[in-house]
1. In nm, what is the difference between 0.36 nm times the number of residues separating Arg59 and Phe134 and their Cα-Cα distance?
2. For Arg110, what residues show an amide H to amide H distance below 5 Å, using hydrogens built from the backbone and excluding near sequence neighbours?
3. Can you work out ³J(HN,Hα) from phi for every residue in segment 99-110, in order, using Karplus 6.51 cos²θ - 1.76 cosθ + 1.60 and θ = phi - 60°, giving whole Hz and x for Gly and Pro?
Amino acid sequence: MSVISKTPLPAHSHLWANVQPGDFVDGYAVESDLSPRAAADMGLAMPGWAKALLALRNRIVAPLGLKTEVSDQGANAIFPVVHEDERELILGTDDSHLNFRICVMQQEGRIHMATWVHRNNLLGRLYLLAVMPFHVLIVRDSMRRIAKHSTLIASAPRGQ
């Protein structure tokens, strides 16, 4: 299986246009020939434990007026597409406490996944601090699934 590396998002990503001093940006990469859309579909299909964490998050933050919709459609969706082309997919939204985007990019046989967060206020700072350990687990698990899928495709016998 391919190694997951913590690495900056390529400099030509559209995501960098959002980044301001003090913002949070992380990045991971793994060998894969998947398209950004296919990698995002695989990586964002959360396993049961991550869905349970998201459901708990939604119960906790609903009284604070934060977005809790989990579909990718509509004005209140948590992961609406904000940019898509053949090499890059950016999902995310702006909320009262923070603005975030997830970028999935294909470059030279690697899938890069990065998260950008701009904290709008103290609640955004506290929120990011609280979710950070879970964020790292979820992103690394997403990258593991993308790598595993890519390895399975690469090792599958080719039809003649």
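FYI, it's all coordinate maths here, none of it is from the lab. None of these values were measured; they are calculated from a predicted model.
1. Numbers: separation 75, 0.36 × 75 = 27.00 nm, distance 1.63 nm.
Roughly 25.4 nm would be gained on extension.
2. Those lying under 5 Å, H to H, from Arg110 are Ser32.
3. 10, 9, 9, 10, 10, 10, 10, 9, 8, 6, x, 10
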